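Written below as structure tokens is the structure these notes are about.
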Amino acid sequence: MKPVSWCWLSSAVLAAFSLLVAGNNETEEIKDERIRDSCPVRLESSGKCEEGGECPYQVSLPPLTIQLPRQFSRIEEVFKEVQNLKEMVNTLKKSCQDCKLQADDSRAPGRNGLLSPSPGSLGEADDNRVQELESEVNKLSSDLKNAKEEIDLLQGRLEKLNLVNMNNIESYVDSKVANLTSAVNSLDGKCSSKCPIQEEIQSRPVQHLIYKDCSDYHTIGKRSSEIYRVTPDPKNSSFEVFCDMETMGGGWTVLQARLDGSTNFTRMWRDYKVGFGNLRREFWLGNDKIHLLTKSKDMILRIDLEDFNGVKLYALYDQFYVANEFLRYRLHVGNYNGTAGDALHFSKHYNHDMKFFTTPDRDNDRYPSGNCGLYYSSGWWFDACLSANLNGKYYHQKYRGVRNGIFWGTWPGISEAQPGGYKSSFKEAKMMIRPKHFKP
Ligand SMILES: [Ca+2]
């Protein structure tokens with residue numbers, strides 16, 4: 001019974017195995033090989049049969065190989081993937097740990113010297129910084145102060161240089177004007193003697209359509225002291241002047257007149273520039289016009305004065321020229337002659353020659369602490385400040401206080417102390433010019 005059952009068992013196992021193999025659609029070769037290599041099931045006696053007893057049998061089975069379905073092979077892939085995933089997770093985990101460490105690092109105070117110091121040291125450092133900034137500000141402000149002082153110093157030097165340059169320019173212009181004037185005069189002389197044609201032209205009336213000053217009107221026979229129109233410079237427009245055709249033979253162009261106080265002479269730069277007043281009474285002709293008149297020809301200046309005692313004196317200057325506005329109407333006056341004294345060159349300290357024109361609103365004087373024009377209420381070629389001022393206030397009698405009346409420092413007795421500090425003034429004053437070479 002038992003061997004049969006073993007055999008059956010073997011057959012059943014084989015059948016099952018065959019079924020498994022048949023279930024698998026493997027290739028025929030594998031099946032053939034398996035059949036070839038497989039061992040048959042063997043049932044054999046162990047050879048140690050007991051007398052009258054049963055012999056033990058043993059079953060030898062061939063090595064068992066179970067073919068798993070193909071899908072099972074994916075397990076390996078899955079396993080590999082799981083392995084990969086595991087590695088990835090580990091990597092991530094590690095990097096996450098690193099991250100955390102870095103994050104902790106960045107929170108840690110005082111690392112690498114780049115991070116914020118602790119609150120305690122923060123305040124201290126701020127204080128130090130504030131102190132540093134304060135000392136820097138102090139240093140800068142002291143530097144600025146020094147710079148300002150230097151600038152002031154340089155400005156002072158610059159002003160001096162400007163003055164020096166201005167003097168040079170003016171001297172240059174003056175010398176050129178003098179040269180040109182003498183050249184023109186010499187040409188005039190040549191023409192009158194050696195150029196008959198020119199002489200003919202000169203004799204025509206058209207030649208005197210332009211009257212440069214009052215002497216030209218005198219030349220054509222005008223003898224009444226009147227208002228005439230003159231054109232000292234053809235490039236500039238003509239203007240009216242009052243001509244004195246009586247004093248010293250006439251031909252005088254009047255620049256200034258005082259006789260009754262009807263015109264206020266306390267005026268600003270603009271008024272002195274263009275002129276003001278009434279040509280028939282009191283007036284200032286105007287610095288621009290005076291410049292043009294004295295520029296066109298060499299002029300002489302005559303000053304006539306009369307005090308309230310009826311004393312009449314005069315001062316004559318052989319040279320008189322007033323520069324243009326750019327040169328602040330600088331006065332050039334020289335070669336005094338006359339009876340009133342040379343008040344324009346009173347002394348080394350009171351000298352009006354070569355001085356700029358100053359008005360109450362334009363300080364060009366040599367008095368450093370103030371404006372002479374403002375103090376003495378007029379426009380004039382102030383030094384620091386004056387030994388003459390023909391544009392002072394008109395007083396009808398002696399006056400007290402600041403000597404701001406019409407003043408001529410060389411007038412006899414004018415500087416003598418008056419009882420009660422009274423000062424003398426003038427009843428009349430007049431300034432007029434005529435060409436140096438004019439022969440009435
Ligand atoms: Ca001054």
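The values are calculated or read from the model by the stated rules, or taken from the named source; none is laboratory data. A quick note: this is a predicted structure, and the numbers were derived from the prediction, not measured. Cβ atoms come from the backbone with ideal geometry, glycine included; neighbour counts cover every protein chain shown. Each accessible area value is taken on the protein alone, full model and side chains, heavy atoms only, with ligands, DNA and RNA left out. Shrake-Rupley method; radii C 1.70, N 1.55, O 1.52, S 1.80 Å.
Which of the residues belonging to the range 335-353 are modelled with pLDDT of 95 or more and within 44 Å of the chain's Cα centre (by Cα)?
Going residue by residue through the range 335-353, those that are modelled with pLDDT of 95 or more are 335-347, 350-353.
Hits for the range 335-353 are L344, H345, Y350, N351, H352, D353.
Please state which of the following conditions R328 fails to meet, knowing it meets all the rest: (1) within 13 Å of the ligand (Cβ to nearest atom); (2) on the phi < 0 side of the Ramachandran plot.
Condition (2) is where R328 drops out.
Looking at (1) closer than 30 Å to D363 by Cα; (2) of a type outside the set (V, I, T); (3) open to solvent by 30 Å² or more (accessible area, probe 1.4 Å), find the lone condition where A257 falls short.
(3)
Can you find a residue in the range 389-398 that is free of Cβ contacts under 8 Å to residues at least 40 places away in the same chain and either near the ligand (Cβ under 10 Å from one of its atoms) or of a type in the set (S, T, N, Q) (or both)?
Looking through the range 389-398, at least one residue is free of Cβ contacts under 8 Å to residues at least 40 places away in the same chain and either near the ligand (Cβ under 10 Å from one of its atoms) or of a type in the set (S, T, N, Q) (or both).
Might you let me know whether the range 415-438 holds any residue that is within 16 Å of the ligand (Cβ to nearest atom), in contact with a Cys (Cβ under 9 Å, 6 or more places away or on another chain) and touching a residue at least 24 places away in the same chain (Cβ under 8 Å)? Reasoning before the result, please.
First, the residues of the range 415-438 that are within 16 Å of the ligand (Cβ to nearest atom): none.
No, the range 415-438 contains no residue that is within 16 Å of the ligand (Cβ to nearest atom), in contact with a Cys (Cβ under 9 Å, 6 or more places away or on another chain) and touching a residue at least 24 places away in the same chain (Cβ under 8 Å).
Would you check which residues across the range 221-253 are among the basic types (K, R) and part of a loop (DSSP other than H, G, I, E, B) and list them? Outline the logic, then answer.
If we filter the range 221-253 for residues that are among the basic types (K, R), which is where we start, we get 222-223, 229, 235.
Listed by number, the residues that qualify are K222, R223, K235.
Determine the pairs where a residue that is among the hydroxyl-bearing types (S, T, Y), located within the range 335-350, has a partner that is open to solvent by less than 100 Å² (accessible area, probe 1.4 Å) and not in a strand (DSSP E or B) with Cβ atoms under 6 Å apart, the partner being 6 or more residues away or on another chain.
Every condition considered, the pairs that remain are Y336/D342; Y350/D383; Y350/S387.
For the subset of the range 412-428 comprising residues that are open to solvent by less than 50 Å² (accessible area, probe 1.4 Å) and in contact with a Phe, Trp or Tyr (Cβ under 8 Å, 6 or more places away or on another chain), which member is nearest to T219 (Cα to Cα)?
Ranking the candidates gives F426 first.
Please go through the range 396-411 and give me each residue that is open to solvent by 20 Å² or more (accessible area, probe 1.4 Å) and closer than 14 Å to L386 by Cα, ordered by number. It would help to see each step written out before you state the result.
Of the range 396-411, the ones open to solvent by 20 Å² or more (accessible area, probe 1.4 Å) are 396-398, 400-403, 410.
Of everything in the range 396-411, those that are open to solvent by 20 Å² or more (accessible area, probe 1.4 Å) and closer than 14 Å to L386 by Cα turn out to be V402, R403, T410.
Could you run through the range 356-386 and say how many residues are within 11 Å of the ligand (Cβ to nearest atom), under 22 Å from Q256 (Cα atoms), open to solvent by less than 40 Å² (accessible area, probe 1.4 Å) and not hydroxyl-bearing (S, T, Y)?
Going through the range 356-386, the residues within 11 Å of the ligand (Cβ to nearest atom) turn out to be 356, 358, 362-375, 382-385.
Still in the list and also under 22 Å from Q256 (Cα atoms): 356, 358, 362-365, 372-375, 382-383, 385.
Then drop every residue that is not open to solvent by less than 40 Å² (accessible area, probe 1.4 Å), which leaves 356, 358, 364-365, 372-373, 382-383, 385.
Cutting the leftovers down to not hydroxyl-bearing (S, T, Y) gives us 356, 364-365, 372-373, 382-383, 385.
Of the residues in the range 356-386, 8 are within 11 Å of the ligand (Cβ to nearest atom), under 22 Å from Q256 (Cα atoms), open to solvent by less than 40 Å² (accessible area, probe 1.4 Å) and not hydroxyl-bearing (S, T, Y).
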